[in-house]
Amino acid sequence: ANRIPSHEGYNYIMERLASQGIFSISISAHDIQPGLGVWDYDARGRLILKFLDKLKDWNDNGTDPFSGIFAGKLDMSKIALSGHSRGGEGVVAAQELNQTWPTPHSILAVNAIAPTDQNSVSYLMTDAAYYLLVGVRDGDVSTMQGFRTYDRAFPDGAPMRKTKVLGWVHGANHNYFNTIWTNTAALGSPNPWAGSVDDAASVTVSQTLTAAEQRQVALTTICAFFRRHLQGLEPYKEIFTG
């Protein structure tokens, strides 16, 4: 009755991407979660691909409910995915499921933010560049399961090895990459939503990023990763290589 709009917590990233010429959407997984179990990442992957199907139809056929404003406006040959927490495994699942999708999409880059790795099926990164972003103060995915997805990426025998990079951020927690999950004091404005807390408040470390600093890390690195792989801007590679 009062669902938490977690998908709106990434508006700060989407606004930056939009300003750089990259069309973005954020998908709510609320309706698929209750009946499918906690760790059903296959459902998340298929949900992403269904949205891409819809965008392709709007672009190719002008069938959107907004008087055709998307017709011919989207470059569906250059797609990137980003997911946080359980969504971080969902985007990897989408990349793998896409390879046998009825009409596969051109997914060039995948970003996972503090992902889990709890599915009995181990999805593999095999077909797109991969950027893993993890906070050292993650108090939610405290065993850092998402590193397993990174380690398994592009195994021997994969059709082609792609770029994979890791952002290991000292002072960053799990929640502050999402503004809906950031508490009022840290966000700097009232936040009424349940679950908006510092998930690593009990972790004593010498370095703690503010919520704004943590979001800036996400903006700087995710946008650079996507601009390199979607727009061919190779100088952004330096952000990851020094």
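The values are calculated or read from the model by the stated rules, or taken from the named source; none is laboratory data. A quick note: this is a predicted structure, and the numbers were derived from the prediction, not measured. All Cβ positions, glycine included, derive from the backbone under ideal geometry; neighbour counts span all protein chains shown. Accessible surface areas use protein heavy atoms only, side chains included; no ligands, DNA or RNA. Shrake-Rupley method; radii C 1.70, N 1.55, O 1.52, S 1.80 Å.
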Fill in the blank from the handout: GNM of the chain, Cα pairs under 10 angstrom: of 30, 84, 229, the biggest fluctuation goes to 30
Exercise for the section: Only Lys, Arg, Asp and Glu count, each charged at its Cβ (+1, +1, -1, -1), so figure out the dipole size of region 113-174 about its Cα centre, rounded to 20 debye. Expected result: 160 debye
Practice task
Starting from the alpha-carbon convex hull of the chain, give the projected area averaged over all orientations, in nm².
Solution key: 14.5 nm²
Exercise for the section: Treat each spin label as a single point 7 Å out from the Cα along the C-beta direction, and report the residue 27 to residue 142 distance in nm. Expected result: 3.1 nm
Handout entry: Local net charge near residue 240, Cβ-Cβ under 13 Å (Lys/Arg +1, Asp/Glu -1)
Key = +2
Handout entry: Straight-distance crosslink candidates among lysines, where the alpha carbon sits under 21 Å from residue 56 and sequence neighbours closer than 8 are dropped
Key = 73, 78
Practice task
Hydropathy first: keep DSSP H helices in the chain averaging at least -0.5 on Kyte-Doolittle, then drop any whose Cα extent along the axis falls short of 24 Å, and list what survives.
Solution key: 211-231
Handout entry: Size of electric dipole in region 1-101: Cβ of Lys, Arg +1 and of Asp, Glu -1, about Cα centre, debye, nearest 20
Key = 120 debye
Problem - residue 239 - accessible surface, heavy atoms, 1.4 Å probe, Å² rounded to 10 - result: 80 Å²
Practice task
Under a 10 Å cutoff between Cα atoms, tell me which one of 171, 21, 135 has the largest fluctuation in the Gaussian network model of the chain.
Solution key: 21
Practice task
Specify which residue in the list 165, 208, 9 is farthest towards the positive end of the charge dipole of the chain, using unit charges on the beta carbon of Lys, Arg (+1) and Asp, Glu (-1), about the Cα centre.
Solution key: 165
Fill in the blank from the handout: With the dipole of region 52-148 defined by +1 on each Lys or Arg Cβ and -1 on each Asp or Glu Cβ, the option from 105, 85, 55 whose Cα lies farthest towards the positive pole is 85
Handout entry: Helix-only [θ]222 nm of the chain, DSSP H runs n ≥ 4, -39500 (n - 2.57) each, per residue, nearest 500
Key = -10000 deg cm²/dmol
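Count charges around residue 172 for me, please; just the other residues with Cβ under 15 Å from its Cβ, Lys/Arg as +1, Asp/Glu as -1.
Net local charge, residue 172 excluded: -3.
Any idea what the dipole of the chain comes to, in debye rounded to 20, about its Cα centre with Lys/Arg Cβ at +1 and Asp/Glu Cβ at -1?
Values: 20 positive and 23 negative charges, 71 e Å.
I would put it at about 340 debye.
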Handout entry: Within the accessible area of the chain (1.4 Å probe), percent carbon and sulfur
Key = 53 percent
Exercise for the section: At 0.36 nm per residue, minus the direct Cα-Cα distance, what do residue 71 and residue 210 gain on full extension? Give it in nm, one decimal, please. Expected result: 45.9 nm
